[in-house]
Amino acid sequence: MGFLDSFKVAASGLSAERLRINVISSNIANINTTRTSEGGPYKRKDVVFEAVPLEKKSFDNALDRSMESVEVQVKKIVEDPRPPIMKYDPGHPDADENGYVKYPNINIMEEMVNLINASRSYEANVTTMKATKSMAMKALDILRV
């Protein structure tokens, strides 16, 4: 794997984790949204990643593919299939005839753990880019001598 491949892999991870952080933030922001344009409460969303091999040049195809580099891509954003949380609140404008309100199926603790996980993954990709840059600069310094 060359320097540019390392940058591509880390950049794809940064992009994917940034989107994941945005989706998690949206979930947290909508924790009390009981009415959406689609009808009903907000539905929690989650990001699904997939590993995709980096495009290889013709010479690279001739080499051993046992160390094939992959980048991460967002395959899709899915809605959580769990049912909404029912809370008794007869004064709420969205309460049903029995006084229950459907709230989003969002657990704040789960979202915070996912947010910490995504931010740590983002930091790891930043560290990878910094280390790759440092190695490239050292290689250039060696070539100058």
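Residues checked against (1) at pLDDT 95 or above; (2) within 25 Å of Lys133 (Cα to Cα); (3) of a type in the set (D, E, K, R):
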position: Leu19; (1), (2), (3): yes, yes, no
position: Val23; (1), (2), (3): yes, no, no
position: Ser26; (1), (2), (3): yes, no, no
position: Thr36; (1), (2), (3): no, no, no
position: Gly39; (1), (2), (3): no, no, no
position: Val70; (1), (2), (3): no, yes, no
position: Pro104; (1), (2), (3): yes, no, no
position: Ile108; (1), (2), (3): yes, no, no
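Give me the pairs: first residue in segment 35-46 and farther than 14 Å from Met86 by Cα, second residue assigned to a loop (DSSP other than H, G, I, E, B) and of a type in the set (Ser, Thr, Tyr), beta-carbon distance under 7 Å, and six or more apart or on different chains, which are they?
Within 7 Å, the pairs are Thr36/Tyr42.
Consider segment 107-145. How many of its residues are in contact with an Asp or Glu (Cβ under 8 Å, 6 or more places away or on another chain) and aliphatic (A, V, I, L, M)?
Residues that pass the stated criteria total 1.
Rundown of residues vs (1) among the polar types (S, T, N, Q); (2) surrounded by fewer than 14 Cβ atoms within 10 Å (Cβ to Cβ); (3) under 19 Å from Ser15 (Cβ atoms), yes/no style:
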site	(1), (2), (3)
Asn107	yes, no, no
Glu111	no, no, no
Ala118	no, no, yes
Ser121	yes, no, yes
Met129	no, no, yes
Ala136	no, no, no
Ala139	no, yes, no
Leu143	no, yes, no
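The values are calculated or read from the model by the stated rules, or taken from the named source; none is laboratory data. Because the structure is predicted, anything quoted here is derived from the model rather than measured. FYI the Cβ positions are ideal-geometry reconstructions off the backbone, even for glycines, and counts take in every protein chain you see.
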